[in-house]
Amino acid sequence: MNVPFTLAKPELDKQFCSEAKAAGLTNLEGHRSVGGMRASIYNAMPPEGVDALVAFMKEFERRHG
C-alpha cells in the first residue's frame, strides 16, 4: 500500500525528505500523481518502521509547524 501525504508548507518537502533520509527513512519522495511524499507500506514493513516514520513526522511538525 502506498500512503501519499503532503505538508502544510510545500516549500518544506525537500527538507523533509532530506532529514528523513538522514534519519534512515528512505524513498519518501513524491507520489507521481499526487505530489508531496509517499510512504510505501507493504507486508514486509515492520510496525517499528511505521512507528519510526510517525515519530519523525511529529518531530518535524514540532520544529517546522
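Residue order by solvent-accessible surface for S40, S33 is S33, S40, largest first, with ligands and nucleic acids left out and a 1.4 Å probe. Using a 1.4 Å probe over the heavy atoms of the protein chains, calculate the carbon and sulfur portion of the accessible area of segment 5-55 as a whole percent. Accessible surface attributable to carbon and sulfur in segment 5-55 totals 55 percent. Residues in the chain average 72 Å² of solvent-accessible surface per residue, probe 1.4 Å, ligands and nucleic acids excluded. For mean projected area of the Cα convex hull in nm², the value calculated from this model appears in (i) 4.2; (ii) 7.0; (iii) 6.1 under label (i).
The values are calculated or read from the model by the stated rules, or taken from the named source; none is laboratory data. In this text the structure is predicted, and so the values were computed from the model without any measurement. Please note that ligands, DNA and RNA were not included when accessible areas were found on the heavy atoms of the full protein model with its side chains. Shrake-Rupley method; radii C 1.70, N 1.55, O 1.52, S 1.80 Å.
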